[in-house]
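Read through the structure below, which is laid out as structure tokens, and then see the notes.
The values are calculated or read from the model by the stated rules, or taken from the named source; none is laboratory data. As the structure is a prediction and not an experimental result, all values here were calculated from the model. Glycine also receives a Cβ, built like all others from the backbone with ideal geometry; neighbour counts cover every protein chain displayed. Please note that ligands, DNA and RNA were not included when accessible areas were found on the heavy atoms of the full protein model with its side chains. Shrake-Rupley method; radii C 1.70, N 1.55, O 1.52, S 1.80 Å.
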Amino acid sequence: MAAKELVATLTKVFQEAKNEGLIVNAIGLAPAHHGMVKNRFVLGVSAPSLSGVHKYDKMAIIITLLWSKLTLDERGMIERVRVFDNEEILDDLKYNDFEDYPYEGYDGIQRKLPQLYPVE
């Protein structure tokens with residue numbers, strides 16, 4: 001249930017950030033460490049308004065926003081943040097838990113793929 005509440009909070013935060021020019025059209029949560037740690041996630045973000053910005057600067061922008069809007073407990077649920085230029089890339093990388101490189105062991109792991117959530 002914690003993931004569902006976190007998605008609702010993140011959606012609200014990104015909807016409010018739209019007024020300041022940050023466009024986020026989708027997010028996804030992948031279990032961190034292949035689900036071995038309960039209620040810890042990799043946050044994947046599709047942020048078309050940050051296209052052309054260096055990937056570490058994109059992460060810094062999103063992390064700064066989250067740090068200012070989320071509670072300590074909510075922030076603690078997010079292990080890593082990955083930011084992409086569009087929803088298609090976010091969707092493609094959900095198979096790698098939003099990492100740029102494939103993990104060789106994914107084929108042998110029975111796991112549920114991260115679900116993407118629109119931010120409207």
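Where in segment 36-55 does the label zone of Glu79 land, with the point 7 angstrom along Cα→C-beta and an amide N cut-off under 11 Å?
36-43
Send over the semi-axes of the chain's equivalent ellipsoid, whole angstrom and largest first, taken as the square roots of 5 times the C-alpha gyration tensor eigenvalues.
22, 17, 12
Can you tell me the alpha carbon radius of gyration of segment 1-46 divided by the globular rule-of-thumb value 2.2 N^0.38 Å? Display every interim value, and only then the final one.
Details: Rg = 11.9 Å, N = 46, 2.2 N^0.38 = 9.4 Å.
Normalised Rg, Cα atoms only: 1.26.
Quick one: helix 55-69 against the long Cα principal axis of the chain, what's the angle to the nearest 10°, folded into 0 to 90?
Helix 55-69 sits at roughly 70 degrees to that axis.
Which value in nm describes the separation of the simple spin-label points at Val53 and Lys12, placed 7 Å from the Cα toward the beta carbon?
Computed distance between label sites Val53 and Lys12 equals 2.3 nm.
Considering the convex hull of the alpha carbon atoms of segment 38-79, report its projected area averaged over all viewing directions, in nm², one decimal.
If I average the Cα hull's projected area over directions, I get 3.1 nm².
How tilted is helix 2-17 with respect to the longest principal axis of the chain? Cα atoms for both, answer in degrees (0 to 90, nearest 10).
On a 0 to 90 degree scale, this one is about 30.
Quick one: with all protein chains in place, what share of the accessible area of segment 35-102 is carbon or sulfur, to the nearest percent (1.4 Å probe)? Spell out each step's value before the answer.
Working: 2110 of 3920 Å².
Within segment 35-102, the accessible surface is 54 percent carbon and sulfur.
Can you tell me the accessible area per residue over segment 26-93, all protein chains present, probe 1.4 angstrom, in square angstrom?
53 Å²
In nm, to one decimal, how far is the Ala3 label point from the Thr64 one, both placed 7 Å along Cα→Cβ?
In this crude spin-label approximation the distance works out to 3.1 nm.
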